[in-house]
Amino acid sequence: MHIPPSLYSSMRFNFLYVDRYVFRRGWTYPDSYVPYCMLRYILKGRAEFVISGERYIVEENQVCYIPEGCRLECHALEDEFSFISIRFTTTVQLDGSDFLSEYFRIPRVTRQGDGEVLDYFQTVYRNATTQNTSKLFRIRGNLELILAWLVEHTPQALVEESDQPEADLLVEGLRRRETRSHAIRRDPRVQVVVDYLVAHPSEPFDSEFLARMADMSPSSLRRLFKEHTGKSLGAFVRDLRMTTAARRLLVTDQRISTIAYELGFDDANYFARIFKSVFGVSPQEYRAASRE
């Protein structure tokens, strides 16, 4: 496929967040609007993903692309289902669809991943959880390598089936990039807050402090944070703490009450209820199943 030089100068992929998730059979992600793009590498198990009404069975070593603006529903089909998930946005949008699918023909599910693309996912994850000053470059670089891998592994039949001229797609994409999805405009002040929260998941949640960090009022931060991430500040912090707790349950022998306390929960029973609402099982069951 010929890519016009002007397209390269227009494309930007804005990284938002990455994490590794482990769920048990019975886990369900309710039908929800997705305000950003997602890439998921399936590490283990099988699940059903419903993307804007289309059903896909995903399994180990597959890569799933979930476009911005779709609706998503998920159901775990095996005793353990795990994946790495990257959230990002692209500056080029197509009216009523998405740029990566319409221009590059990237499918929703790439049937067989390999060690190369898995390494890209793992590099994004490792760098997002470190204080390395070069991490943003490594994250962005490896995100683009994942997208390049997906383009290279897109079946030729999909590439050839589009009957819309490339030039028309390009013009439409450039026209829409500033007018579509205003609800998710990237704001560097908000990204500073996101980076801080990811690096300090156990610190007390203080909206006034975060607002000063972003140099805006608390009300403006709440509004822009939701537009930037698709979640409220409180929901983002809750999910971040739950994924941090899940990671500690997997890789440490800390007492569950200690993990809860260190993540800001004075009541371990309340922590367990929140954890189960997110992962579908109690912290004890999550840890036990991961070590079977």
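Here, each number is a calculation from the coordinates, and none is a lab measurement. Treat the numbers as computed from the prediction; the structure is a model and nothing was measured. For neighbour counting, all protein chains shown are included, and Cβ atoms are generated from backbone atoms with ideal geometry for every residue, glycine included.
A few notes on this one:
- Computed E for TYR261/SER207 - FRET, C-beta separation, R0 25 angstrom, nearest 0.05: 0.70
- Compared with the direct C-alpha span, the chain from LYS231 to ARG138 gains 31.0 nm at full extension, assuming 0.36 nm per residue.
- Here the simple spin-label model places points 7 Å from the Cα toward Cβ, and for TYR33 and GLU285 these points are separated by 3.2 nm.
- Set of lysines near LYS276 by C-alpha distance (under 27 Å), chain-local residues within fewer than 8 positions excluded: LYS44, LYS226, LYS231
- The fewest-to-most ranking of CYS70, CYS37 by surrounding Cβ atoms within 10 Å reads CYS70, CYS37.
- Overall form of the range 201-292: prolate. Here a/c, set by the Cα gyration tensor axes a ≥ b ≥ c, is 1.5 or more, and a/b is the larger of a/b and b/c.
- Remark: the Cα gyration tensor places the range 41-91 in the oblate category, a/c being 1.5 or greater and a/b not exceeding b/c.
- Were the residues from ASP119 through LYS44 laid out at 0.36 nm apart, the gain over their Cα-Cα distance would be 25.5 nm.
- Two-site FRET efficiency, ASP195 against PHE13, from Cβ-Cβ distance with R₀ of 22 Å, rounded to 0.05: 0.85
- Ordered by the number of other Cβ atoms lying within 10 Å of each residue's own Cβ, fewest first, LEU43, LEU77 fall into the sequence LEU77, LEU43.
- Overall form of the range 11-136 per C-alpha gyration tensor (a/c, 1.5; a/b vs b/c): oblate
- Residue exposure proxy: SER277, SER232, ordered by other Cβ atoms within 10 angstrom of their Cβ from fewest to most, comes out as SER277, SER232.
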